[in-house]
Amino acid sequence: MATKRVLIVGGGLAGLAATMKLAELGIDVDLMSLVPVKRSHSVCAQGGINSVNDLTRQQGDDEWLHFDDTVYGGDFLQHQPPVKEMAYWGPKIIDLMDRLGVTFNRTPEGMLDRRRFGGTLFKRTAFAGATTGQQLLYALDEQVRRWEAAGKVKKYEYWDFLGPILDDNGICRGAVAQDLVSMEIRSFPADAVVVGSGGPGLIYGRSTMSMACTGSAASRCFQSGGKYSNGEFIQVHPTAIPGADKLRLMSESARGEGGRVWVPRTPQDPREAVTIPEGERFYFLEDRYPKYKNLVPRDIATREIFDICVNEGLSVEKDRQCVYLDLTHIPRQELDRKLGGILGIYEKFQGVDPRTTPMKIFPAVHYSMGGLWVDYERSSTGGLVVGSPKNHITNVPNLYAIGECDYQYHGANRLGANSLLSCIFSGLIVAPGLENLLKGAKQAAAELPSSLFERSRKQHQSRHDALLKRSGGGENPYLIHQELGDVMTKVATVVRRNDQLQEALGKVSDLYARAKKCSLSDTGTWTNQNVVFTKALLDMFPLALTILKGALQRDECRGAHFKPDFAFGSLTATEPAERRRQAEAWCDRFEANNAKWLKSTVAQWTGDEVEITYEEVDTSLIPPRPRLYGLVGADDIEKVWNQRSAARETAQNGNGSTAPAKLAGAH
Amino acid sequence: MADSHHNPNASHSARSFEVRILRQDGPGQPSYWERHRVEYEPEMNVISVLQRIAAKAITADGKHVAPVAWDCNCLEEVCGACTMVINGQVRQSCSALVDRLLEDRPGEIELAPMAKFPVVRDLVVDRARLFRALTKVKAWVPVDGYYDVGPGPRVSPATQEQSYPLSECMSCGCCLDACPQYLKVEVERLEGESAADFEARANNEFDRSFVGAHAISQAMLFNSHPTGATSAGPRLDALMAEGGIQVCGNAQNCVAVCPKNIPLTTSIGRAGRATTIHQLKKWFGA
């Protein structure tokens, strides 16, 4: 029998972790990427990677609490078994990365140093300066190079994944891809295809994402029948540096190391920031969130910064929106040691030293919680069955998705420093499942009739040729991309309104029709970036429409998806009985809303439009509870909620049901 | 959102500026200069200049041309992709700010591909040799495997502070482009040669040529790691083989152009001592 192979699409943390683990299991891997894998977008991750550790354990932390923080921060929209499994693997993954030589920051005694990130009260985050993603990626890149030298891995860098090859039974048998240098299109037979292609940031024009993050690989799977879930949940990072070509991330670790967010109390105070006295500064996050202060979850920090500028008129500058992120109270040496990487970026791109002058920042599109729908196999203890071929498989047999391009771990909002963990975890957990899948396969893909592969190759070749042959004078793909980004940024980010979303659906459909009439300024057959971009642009539309339609239909507020028309608001009464009544009503409404909306959005592409259905979420381990960060009346709501939960538990236990779920710290 | 705003305090008032680009249609083709005119906008970098040129694809003389090809990804100087020669200096185009460039040379920006790597097209070069050098020096920690077997070795903060800067190397190739000893190696695929044969032949050529400062520095990074040190010997052997550290002419250009300020000459010095000792040990059978 011919050797069975796995094709991995994307060489970021997820793809590299999967490649390395598969190679260890003795499986041959083809690794395909738009860029040399060492230049993947994972290098942009700055702050760190979360796990429970010996120190936090002694402060009462454990894996369950990390799991709890993750689902609570994500507003309970994620299936719980994969998240639980990830939290329990966390410490082991850090150990592994440590062994691979990642230059994590150290304590004086030589242990891993940790910092605090948003949405938790524990210092769980291991870090390597402020370039943790880069350092983790390099460690995996090095291991993959080692396997490449040993002949187990074959890299295809500068190759564009054009789509999966499906046989007559709808089973994935490989992929078609294009060499970005020679423009050759060929098919790659594979016994499993794993897509780890990252997020779709370019749909928003400018974001914190890299230029390769077009979402095209995920979209091509979507257009081949793969389901796409929770697309409307797009994380807008609270702190980014505005730029003409890109919105550069300013890591949450800046706040984790003590950075304070503020605006002058006097609107557009003309004085230099450092000369404004303490009493005339408004530290609005600390004021409104006394427990988490500057480290509230990202969706909340983003809305507050947006609000203070747009609605309260307190932006630092008149002509553009921004707030101060201030590190100037921290000793220079400490800043250099822990945050050197990101402060260097600010200095290089803004020409201002953030060690002496507060930075000016504003929110920017950053991460997609949604992605390709994937399955899992639940174990008897509520985690995952390690080695199950169901883990991370899409609804297309033999097609898998891992990393940011799957939807599995972060629900409605991702906690900082959890993405590096989910990327590496998903790469590691998919490998033993693939091993079993391959063992069970009767025939290697390479032995299937070549007509199957040739048929798919020809389809892509004719699509490509038709684009090149198109007559001139049509639409300009770069300008259409700009328009798409502007629409998406305006209506599908921090605040969402149904009238705007409805209108945007029309606009984006029109843009899609126009994009289909693009003509190319380069019709050459060598390193033609123009045609590659145009294809990626066309593939942005099915996902853009999925995001918009999902957002339009979801009439509620959950995590990053915020619709003011459906917000619950705070308690207003001061009289205790009335306040209690309000809290009861609040909880009633919360329960009714969950009954309706605590569901994953599942989109499918019909060929020209998006069809949406909803799927129940497995919340069997931690019952959903109100997310009450900073809400007025939170204590009263929590009291009512806890009484209800206790009553439910008693009732359940009386029925001889399962053990009560553990309720951990709330807001 | 953060992207829809302009800096009202833009210091530069020029309405437009000229961009001279050294283009080349493909490997083995002649190169030629082409002039483009770009409207000035505040806070531009060379990436946004190239984006404007790609969107317009019309030269300063009004001629329709194919968009200029270039490489980029992260746009925040951590991926290394967008390296090119800008106003005569090898650097990343994302962190090359137009205001600064025009201050140094009013009215004009000059872009050329890296000089020491074969041009693929326009500003895109093939840096496969650079990555090959990482394989040659075994730039990895040879762990037993990826199962959970507990934490790694303890590392003092002093060691970490020495290793971290070396580990920030993003394989951009600036150090190589500026190095007088690093000469261009261009291997062309022969008629009828398979991709695998071509790759093997190219790698063979690369292995005989100078590995360069980045790879020497990576060898030192892994030799100083407790587990990495178990392969210290083979790494030093690689540095003593053809194309090894002896080729270094001590021009020190590498350290001067490194965008991450990696102490490359310190690494080269360490490698020099380590290889000498390694050689002596070999002679005396120690």
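The values are calculated or read from the model by the stated rules, or taken from the named source; none is laboratory data. Predicted, not measured: the structure shown is a model, and the values here were computed from it. Glycine gets a Cβ as well: all are built from the backbone with ideal geometry, and neighbour counts include every protein chain shown. Ligands, DNA and RNA are stripped out before the accessible areas are found, and what is left, the full protein with its side chains, is counted by its heavy atoms. Shrake-Rupley method; radii C 1.70, N 1.55, O 1.52, S 1.80 Å.
Things to note:
- Residues considered: A:Asn395, A:Asn436, A:Asn413, A:Asn418. Of these, the only one that is under 21 Å from the mean Cα position of the chain (by Cα), assigned by TED's automatic domain parsing to the domain that holds A:Ser210 and open to solvent by 40 Å² or more (accessible area, probe 1.4 Å) is A:Asn395.
- In region A:209-235, the qualifying residues are those that are open to solvent by less than 10 Å² (accessible area, probe 1.4 Å) and within 14 Å of chain B (Cβ to nearest Cβ), and the one that is nearest to A:Arg303 (Cα to Cα) is A:Gln235.
- Filter result (facing chain A (nearest Cβ under 10 Å), in contact (Cβ under 8 Å) with a residue 40 or more places away in the chain and among the acidic types (Asp, Glu)) within region B:147-179: B:Glu168
- Considering residues of region B:22-50 that are open to solvent by less than 40 Å² (accessible area, probe 1.4 Å) and of a type in the set (S, T, N, Q) only, the residue nearest to the other protein chains (Cβ to nearest Cβ): B:Ser48
- Just one residue in the set A:Lys318, A:Lys338, A:Lys291, A:Lys348 is open to solvent by 40 Å² or more (accessible area, probe 1.4 Å), part of a helix (DSSP H, G or I) and more than 30 Å from A:Ala218 (Cα to Cα); that residue is A:Lys348.
The rows are residues; the columns are (1) away from chain B (no Cβ under 14 Å); (2) open to solvent by 30 Å² or more (accessible area, probe 1.4 Å).
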site: A:Thr131; (1), (2): no, no
site: A:Leu137; (1), (2): no, no
site: A:Gln143; (1), (2): no, no
site: A:Arg146; (1), (2): no, yes
site: A:Ala149; (1), (2): no, yes
site: A:Gly170; (1), (2): yes, no
site: A:Asp191; (1), (2): yes, no
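- In region B:237-248, the residues that are farther than 14 Å from B:Leu134 by Cα reach residues that are part of a loop (DSSP other than H, G, I, E, B) with C-beta atoms within less than 6 angstrom, at least six apart or across chains, in these pairs: B:Val247/B:Gln181; B:Val247/B:Phe210.
- Residues located in region B:180-226, provided they are assigned to a loop (DSSP other than H, G, I, E, B) and either within 14 Å of chain A (Cβ to nearest Cβ) or crowded, with 24+ Cβ neighbours inside 10 Å (or both): B:Tyr182, B:Glu188, B:Arg189, B:Glu193, B:Ser194, B:Phe210, B:Val211, B:Gly212, B:Ser224, B:His225, B:Pro226
- Residue within region A:261-273 that is more than 30 Å from A:Pro542 (Cα to Cα), more than 11 Å from chain B (Cβ to nearest Cβ), among the β-branched types (Val, Ile, Thr) and without any contact (Cβ under 8 Å) to a residue 24 or more places away in the chain present: yes
- Residue match in region A:299-308 (condition: closer than 20 Å to A:Thr357 by Cβ, touching a residue at least 60 places away in the same chain (Cβ under 8 Å) and surrounded by 22 or more Cβ atoms within 10 Å (Cβ to Cβ)): yes
- Test result for B:Ala178, closer than 29 Å to B:Val143 by Cα and either at pLDDT below 95 or out of contact with any His (no Cβ under 8 Å at 6 or more places or on another chain) (or both): no
- In this structure, A:Asp336 does satisfy being without any contact (Cβ under 8 Å) to a residue 24 or more places away in the chain and within 12 Å of chain B (Cβ to nearest Cβ).
- From B:Ala115, B:Ala128, residue being facing another protein chain (nearest Cβ under 9 Å), surrounded by fewer than 20 Cβ atoms within 10 Å (Cβ to Cβ) and within 26 Å of B:Pro67 (Cβ to Cβ): B:Ala128
- Evaluating A:Pro164 against the criteria (1) within 30 Å of A:Ala536 (Cα to Cα); (2) open to solvent by 10 Å² or more (accessible area, probe 1.4 Å); (3) at the interface with chain B (Cβ under 9 Å from one of its Cβ atoms) leaves one unmet condition, (3).
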